[in-house]
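The values are calculated or read from the model by the stated rules, or taken from the named source; none is laboratory data. This is a predicted model, so every value here is computed, not measured. We place every Cβ from the backbone using ideal geometry, glycine too, and count neighbours over all the protein chains shown.
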Amino acid sequence: MKTWGQRGEARMKSILVPTEHNAAMRSALDVALLLAQKFDGCMEGFALRPAVADMMAMDPDAGLTMVAVKENDAEMARQAEELFRSFMQSRGVKPVGGEAAAASLSWSWRAAAPSGHDFVGSYGRVFDIIVLARPGDDWQSPSMATLESALFESGRPVLIAPPDPPRSLATNVLIAWNRSTEQARATAFAMPLLRLAERVTILMVAGASVAGPSGLELARSLKMNGIAAESMTVAAGKLNAGETILAKAAELGCDLIVKGAYTQSRLRQMIFGGTTRHILTNAGLPVLMAH
């Protein structure tokens, strides 16, 4: 496996991992570790839980008191921290300030994080990347509000883990090129990973792009940065763009998709569906997104 190269080359060293106690978190932690191992990165966790006001609004007829809500909040924070710490210990990763320095593969925990999804977006601004589990429809699944806070408020890329932990990350990368500003930004954020990849494919789906440079023009630009990328255009046929991207990624054996988020508006995608929405709902491999 390739490792990061020359001093000063862009890397993903600081990795934020919002942590909550649910089944999807295991995969997110595995993906964060795969990423950290590539760059000797530091993974920082904090307890992700609903804001107190949101918790009281979930069941207004339950008669929850403020004391009960705060006790529940504290218990959720404790469980998240225990999950994060036990995972790192089981993988032999050392905490910062103990046997590890922040410049090496390590972890840290922010104990004083406030509740609420908004903190993900604001605090994420000082990290190289944010790792989240894929949102789901079940009430115990990760929230779409968390992902949207990270995408729209942090200004940083978001690496979304699939439901099942992957065995590898970013050795075989698919860039879902639709010529958009959002896709250009996601591709730029992914450059540290693209430089380490063994294979990079630029995929365009015919009829599913905006005006802008072609996949071949992107490939030429990447080549100037030392990245050999193959460009291809495929017809969607009876599939939509999202289905086509996932099918091609599976066919090529990819272990990362780089995708710009919400070229169409969020409201339109919620009502009518769209490529971002389909990939968020169905991807079985890690997806790096940015808006």
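General remarks:
- From Arg167, Arg91, Arg185, Arg199, residue being out of contact with any strand residue (DSSP E or B) (no Cβ under 6 Å at 6 or more places or on another chain), among the basic types (Lys, Arg), closer than 27 Å to Gly253 by Cβ and not assigned by TED's automatic domain parsing to the domain that holds Ala74: Arg167
- Residue match in segment 149-167 (condition: over 30 Å from Pro50 (Cβ atoms), at pLDDT 95 or above, touching a helix residue (DSSP H, G or I) at 6+ places or on another chain (Cβ under 7 Å) and crowded, with 23+ Cβ neighbours inside 10 Å): no
- Arg179 on the phi > 0 side of the Ramachandran plot and not small (Gly, Ala, Ser): yes
- Filter result for Glu251 (among the acidic types (Asp, Glu), assigned to a strand (DSSP E or B) and either modelled with pLDDT under 95 or outside the structural domain of Ile129 (by TED's automatic domain parsing) (or both)): no
- Cross-chain or 6+ apart pairs with Cβ under 6 Å, segment 69-88 first and more than 12 Å from Ala47 (Cβ to Cβ), then in a helix (DSSP H, G or I) and not hydroxyl-bearing (Ser, Thr, Tyr): Val69/Val52; Val69/Met55; Val69/Met56; Phe87/Leu29
- Scanning segment 215-231 for residues that are assigned to a helix (DSSP H, G or I) and on the phi > 0 side of the Ramachandran plot turns up nothing.
- Which numbered condition Val96 misses (of (1) surrounded by 14 or more Cβ atoms within 10 Å (Cβ to Cβ); (2) modelled with pLDDT of 95 or more; (3) touching a strand residue (DSSP E or B) at 6+ places or on another chain (Cβ under 8 Å); (4) over 19 Å from Asp30 (Cβ atoms)): (2)
- Gly212 being at positive phi and at pLDDT 90 or above: yes
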